[in-house]
Structures are given as structure tokens and as C-alpha cells.
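Encoded as C-alpha cells, here's the structure I'll be asking about.
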Amino acid sequence: MKEIIVAASAPEAIGPYSHGTQFNGLIFTSGQLPVDGSTSKVVEGGITEQSQMSLQNLIAVIEAGGGDVNTVLKTTCYLANITDFAAFNEVYKTVFKTDCPARSCFAVKDLPLGVLVEVEAIAHQK
């Protein structure tokens, strides 16, 4: 049966969706924005700071679902500007150090709250 994932440190959803769901040992996250869960505000700074916060929120949701950074199978990354690709990769590789998951990365026209990055993932429970 599907279970809803709630991560205490991740920001509340800004729409009608959950942080994530789990089913049959798999974890599916919603896109995680660079919003600080303690302030409910977009973090200050550019792509580096926003990427760090989005990925921190992503891992918090995965951990709340019973996984960890090493159980991530696939990420989908959305950038407001493709010129941020290299800077995003610099942050990404500090989170996924070895055995990187499969990944898609897209430039999109706009993201919620005017942010620069959003990341979602599929992982499995430990």
C-alpha cells in the first residue's frame, strides 16, 4: 500500500502534494525547492546556495522514507538557466560522490517561487 512521506526538516509543500510517497520499497520524491524548512523562505544567494538547499531537502525526504543518498536510483533536475549547469554539477557531485544515480537535467522556462533549481528523485529503502 502507498505511504505518504513527511520530512520534518523539509519545507511544507506549496501546493496539493506530499514530500514523497513510498511503495513496495521504492521512494518517489516530489520536486524539492531551495526553501529553508525553518524559515519557509527561498535561501539567499545564487545557483550554488540554491542547489545545496534543494539537495539537502531532497535527501531529508529520502531519509524520511527509509533511504539515504546511496539508495538514490534516478534524479530529475530542473534549472531555470542552462548556463548554471556547471555550477549545479559542482554542488551535485558533493552530494553524490560515488556511484552517481541515473539523471536527467533540463532547463525550464520558470520554476515555482522564481527559484533557480528543483530536484526530484526515485530511491529505494535500505
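Matching residues to (1) of a type outside the set (G, A, S); (2) in contact with a Ser or Thr (Cβ under 7 Å, 6 or more places away or on another chain); (3) exposed (fewer than 13 other Cβ atoms within 10 Å of the Cβ); (4) over 30 Å from M1 (Cβ atoms):
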position	(1), (2), (3), (4)
P16	yes, no, yes, no
Q32	yes, yes, no, no
K41	yes, no, yes, yes
E44	yes, no, yes, yes
L58	yes, yes, no, no
G67	no, no, no, no
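While we're on this one: More than 13 Å from the chain's Cα centre (by Cα) and surrounded by 15 or more Cβ atoms within 10 Å (Cβ to Cβ): does that describe T75? Talk me through it step by step, then tell me what you get.
Working: more than 13 Å from the chain's Cα centre (by Cα): no; surrounded by 15 or more Cβ atoms within 10 Å (Cβ to Cβ): yes.
The answer is no for T75.
Sticking with this one: Residues of the stretch 34-62 being closer than 18 Å to L116 by Cβ, of a type in the set (A, V, I, L, M) and touching a helix residue (DSSP H, G or I) at 6+ places or on another chain (Cβ under 6 Å), which ones?
V42, V43, I47, L55, listed by residue number.
Restricting attention to the stretch 89-101, does a residue exist that is surrounded by 16 or more Cβ atoms within 10 Å (Cβ to Cβ), closer than 21 Å to E49 by Cβ and touching a Gly at 6+ places or on another chain (Cβ under 9 Å)?
No: the stretch 89-101 contains no residue that is surrounded by 16 or more Cβ atoms within 10 Å (Cβ to Cβ), closer than 21 Å to E49 by Cβ and touching a Gly at 6+ places or on another chain (Cβ under 9 Å).
Among the candidates V91, V115, single out the residue that is modelled with pLDDT of 95 or more, in contact with a Leu (Cβ under 7 Å, 6 or more places away or on another chain) and farther than 21 Å from I14 by Cα. Can you show your working first?
Numbers: V115 fails: farther than 21 Å from I14 by Cα.
Only one candidate passes the filter, namely V91.
For the stretch 16-59, which positions are assigned to a loop (DSSP other than H, G, I, E, B), of a type outside the set (S, T, Y) and touching a residue at least 24 places away in the same chain (Cβ under 8 Å)? Give the steps one after another, and end with the answer.
Restricting attention to the stretch 16-59, the residues satisfying the condition of being assigned to a loop (DSSP other than H, G, I, E, B) are 16-19, 24-25, 30-31, 33-34, 37-40, 43-46.
Going one step further and asking which of them are of a type outside the set (S, T, Y), we end up with 16, 19, 24-25, 31, 33-34, 37, 43-46.
Within the stretch 16-59, H19, G25, G31, L33, P34, G37, G46 meet the criteria.
The values are calculated or read from the model by the stated rules, or taken from the named source; none is laboratory data. Worth saying up front: this structure is predicted, and the values here are computed from it rather than measured. When we count neighbours, we look across all protein chains shown, and the Cβ atoms used for this are built from the backbone with ideal geometry, even at glycine.
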